[in-house]
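Down below is the structure, laid out as structure tokens.
Each reported figure results from applying straightforward, stated rules to the coordinates on display, with no laboratory input. Fair warning: this is a prediction, and the values are worked out from it, not measured in the lab. Methodologically, a virtual Cβ is constructed for each residue, glycine included, from the backbone with ideal geometry; neighbour enumeration extends over all protein chains shown.
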């Protein structure tokens, strides 16, 4: 007996778009059958609405330390309880955050501390990337290997300190080489923030000498050359360690897209992520009032870079659209005004799915299947959750977003559920989520939160060997 039957004539499945009934039992999809053929304890008729897998945001930062101009203990961004509430309102059912491996006596301790802030305090399912920083002790490498085998198979690495005040974030290339060997030996995936630190720090010094310190000059510091040099150096290092696979975080420039494309053509298992702010804003937007709200690291780039990112979504270089979510107030986001103190990240997890539907399907003519791949399915495949997540298929978790294309709306911060500003103020969305299910439970319906903080659960992940062996066409 089905607990729930969800019925629609527009259901996005791995095979395409179908008219069908989805039978849900025990939190999973138990059956997919012709429209009108299933029965259940509850039947939800969504005819005319778009039924898709729940959104997956593979790049968020909850309860994260922010820059503190006054020094002392840094303020923290909003926790998972707040961000996940916004996520389910926006049709996202799975988020991946980060564990700073320096925040504990061991990697296992750091994971346990991080999980303690999420367990029983999240509306969505969740997972963590490991994040190694600075000089990596030999014993840490073994602990990272154990954590990969224990269900945390993705490891974030910085090739830059990002700003002069964040010394210690960057991992040098000798240690990256060592981490890659651990990844290869344990079927892990390198999750890379790649910028050339020499170029970045040179440009900070240059612009300070020239007294051009306003954040509107950010694209000169975190520039396309930096992305080019760092992407290619990381890729070359990965090529030297057989079995190393890469996921390039927040690709922002045409140079990054080209580096990924060329590496994939040579058989390197590499995948690209961009962000919705890179796709829809460019460096000219820094000049707008409160232009900091559009910023994350690396910087926004030129319209030509934007065009390359969109091209990458079609030719296989850009596989996922994430947010780099960082939820804080407008006052906190706009406190920094210089190239070296502007806050990165964005409050964007709620409107992401609707915005990308609008731009991809509504304005650019992408198929529903392609749109779903970019906001859900590909992240599940790359990050080791497919087909449990990211698919409307028998046996998958019943994580479902229903988009209503009759609900056009203008986005305003007052209508969202996260903080007091949105970088998407005034944007029109061509559809909006009207129903979100997490493992078969209705957690949001018609704008009303019906789930609770006990709903979310940690998801253990294992990277598919095919993702690591060669660049999979997604």
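A few comments on the model shown:
- Between residue 119 and residue 106, the simple spin-label model (points 7 angstrom out along Cα→Cβ) gives 1.6 nm.
- On Cα atoms only, tilt of 173-186 relative to the major axis of the chain in degrees: 30 degrees
- Taking Cα atoms only, the orientation of helix 197-209 departs from the longest principal axis of the chain by about 70 degrees.
- Cα shape, segment 320-439, gyration tensor, a/c 1.5 rule: prolate
- Degrees separating the helix 80-89 axis from the principal Cα axis of the chain, which is the longest one: 50 degrees
- In percent, rounded to a whole number, the relative contact order of segment 55-390 is 18, using alpha-carbon pairs under 8 Å and six or more apart.
- Per-pair calculated FRET efficiency, R0 = 22 Å: residue 337 and residue 205 via Cβ, rounded to 0.05: 0.75
- Ordering 415, 446 by the number of other Cβ atoms within 10 Å of each residue's own Cβ, fewest first, gives 446, 415.
- Segment residue 314-residue 198, extension gain: residue separation times 0.36 nm, minus the distance between their alpha carbons: 38.5 nm
- Relative contact order computed over segment 1-113 (Cα-Cα under 8 Å; 6+ residues apart), in percent: 21 percent
- Shape category assigned to segment 193-337 from the gyration tensor of Cα positions, a/c cut at 1.5: prolate
- Going from the fewest other Cβ atoms within 10 Å to the most, the residues 430, 193, 59, 222 appear in the order 430, 193, 59, 222.
- Neighbour-count ranking [beta-carbon atoms within 10 angstrom, fewest first] of 271, 421: 421, 271
- Modelled label reach - residue 39, point 7 Å along Cα→Cβ, segment 1-23 residues with backbone N closer than 13 Å: 1-2
- The chain: calculated mean residue ellipticity at 222 nm from DSSP helix runs of at least 4, using -39500 (n - 2.57): -8000 deg cm²/dmol
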